[in-house]
Amino acid sequence: MPFADVSLVTTADGSHTLQLLQTGEHYHSQFGALNESVYVFVKQGLELFERSNTLIKLLEVGFGTGLNTALAMAWAKLHQKELMYTGLEPYPVPPAVFASLNYGQLMEDPQAHPALQEDYERLLCGEKLSYGTALAGMVQCRLLEFESPETFDLVFYDAFSPTTQADMWDEASVAKIVSLLAPGGVLVTYCIRGYIRKAFLALGCQAEKLPGPPGKREMLRITKPLYV
Ligand SMILES: C[S@@+](CC[C@H](N)C(=O)[O-])C[C@H]1O[C@@H](n2cnc3c(N)ncnc32)[C@H](O)[C@@H]1O
């Protein structure tokens, strides 16, 4: 798979994001990449597992800058939760760009993203990285090609928006991601379009509209029923 063709951009909270040159789309909200990720993925996603005493299996659709990976690893270490993170990424960020991201200087745990930066080339080769109580790996494939013997307790669905990547939000992608969720599993995403919510509801999932991160009115949280 080729590397993504990207340029570095600073968002309103001082944290970096990337802009994909092909479409002009940013990897995060320009109101603040770090603030958005902490709110959507940690506060409205991982924090549901605060009382869990079993291994948390987390799948992210779109590894990208590794910001959500680092936040998840830092959260697991802080709360002493065993976490297994898998990030899908068909178009990885070039190593030189990855090395210049400033998340280590801004995150509460300043070591989590630098740990990924140090071992990014190993992640690209399919090796797993351990950090505290977390184990993280990247799989270089597209969502629809991803096959897994196991299902996931939590999904960070962080694809580009339907405006530039409509296929990531169509019925086939929604059905695929629901099939990867464990019974009772939860998916969080920043995207709240009505037809996407309806596609999850049609598969028997619950859909909650939650207040959005800075600059966005709402976000979406999906729960797969325990029995389907
Ligand atoms: C909005 S960016 C977010 C990336 C990442 N979560 C972050 O915080 O940097 C979307 C990501 O999805 C990846 N992507 C594109 N097509 C994909 C596909 N078919 N399956 C999985 N990921 C895909 C892109 O390369 C990009 O890294």
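Every number here is computed from the coordinates shown, using simple stated rules; none is lab data. This structure is a prediction, so every number in the text was calculated from the model and none was measured. Note that each Cβ is placed from the backbone with ideal geometry, even for glycine, and that neighbours are counted across all protein chains shown.
Can you name the residue in the range 18-75 that is surrounded by 24 or more Cβ atoms within 10 Å (Cβ to Cβ) and aromatic (Phe, Trp, Tyr) and is also farthest from the ligand (Cβ to nearest atom) among such residues?
Trp75
Which members of the range 162-190 meet the condition of being surrounded by fewer than 20 Cβ atoms within 10 Å (Cβ to Cβ) and not in a helix (DSSP H, G or I)?
Correct list: Pro162, Thr163, Thr164, Gln165, Asp170, Ala182, Pro183, Gly184.
Quick one: would you say Lys128 is without any contact (Cβ under 8 Å) to a residue 24 or more places away in the chain and closer than 19 Å to Leu59 by Cα?
Yes, satisfied.
I want to confirm something. Restricting to the range 125-161 and keeping residues that are in a strand (DSSP E or B) and of a type in the set (Ser, Thr, Tyr), which single residue is surrounded by the most Cβ atoms within 10 Å (Cβ to Cβ)?
Result: Tyr157.
Which condition number does Thr164 fail, the rest of (1) of a type in the set (Ser, Thr, Tyr); (2) more than 21 Å from Ser7 (Cβ to Cβ); (3) in contact with an Asp or Glu (Cβ under 6 Å, 6 or more places away or on another chain); (4) within 12 Å of the ligand (Cβ to nearest atom) being met?
(2)
Across the range 143-161, what is the total count of residues that are under 18 Å from Glu89 (Cβ atoms) and either touching a Gly at 6+ places or on another chain (Cβ under 8 Å) or more than 9 Å from the ligand (Cβ to nearest atom) (or both)?
Number satisfying all stated conditions: 10.
Of all residues in the range 89-103 being in contact (Cβ under 8 Å) with a residue 60 or more places away in the chain and not in a loop (DSSP other than H, G, I, E, B), which is surrounded by the most Cβ atoms within 10 Å (Cβ to Cβ)?
Applying the filter and picking the extreme gives Tyr103.
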